[in-house]
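Report on one structure; see the data block that follows.
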Amino acid sequence: MSKLKIYGYKCKNCGKVHYPHKSLCKNCKHDMFEDFEQVELPTNGKLLTFTNLHTPSGDFDVPILKLGIVELENGNRITGQLNIDEPKIGMSVKGVVKTVRKSDYENYKGIVFSKA
């Protein structure tokens, strides 16, 4: 089985990497609707903030959904699930892409962070 990855979108005009995809580059306002390069994002980063969502919908397999915003090594920020018992702001984390919720028809992939 191949390792799943998260991709960012690099503006071909100025080189700024965005996640998620933007129609216009936030840096130079270049039209990125079709003119971008897909680049792999790093999975290591630092936890900036987090919250616990009690009673998430039934398609999540956890009673409390822990979510965090992580600044990746390249400076991009990404929201993901936390698989950490006691998260601390500023801690180093490592992400892996896997199924984060399931419906009757699909499995949805996302990034799940744990202690680095």
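Taken together, K46, K10, K66, K26 contain a single residue that is open to solvent by 30 Å² or more (accessible area, probe 1.4 Å), in a loop (DSSP other than H, G, I, E, B) and charged (D, E, K, R), which is K26.
Residue by residue, here is whether (1) more than 17 Å from G8 (Cβ to Cβ); (2) open to solvent by less than 30 Å² (accessible area, probe 1.4 Å); (3) part of a strand (DSSP E or B); (4) among the charged types (D, E, K, R) holds:
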| residue | (1), (2), (3), (4) |
| --- | --- |
| V70 | no, yes, yes, no |
| N74 | no, no, no, no |
| I78 | no, yes, yes, no |
| D85 | yes, no, no, yes |
| K88 | yes, no, no, yes |
| V97 | no, yes, yes, no |
| D104 | yes, no, no, yes |
| G110 | no, yes, yes, no |
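For residues that are in contact with a strand residue (DSSP E or B) (Cβ under 8 Å, 6 or more places away or on another chain), of a type in the set (S, T, Y) and closer than 19 Å to V97 by Cα, tally how many sit in the range 1-43. Here the count works out to 4.
The values are calculated or read from the model by the stated rules, or taken from the named source; none is laboratory data. The structure displayed is predicted, hence computed values, not measured ones. Virtual Cβ from ideal backbone geometry, glycine too; neighbours counted across all protein chains shown. Heavy atoms of the whole protein, side chains included, go into the accessibility calculation; ligands, DNA and RNA do not. Shrake-Rupley method; radii C 1.70, N 1.55, O 1.52, S 1.80 Å.
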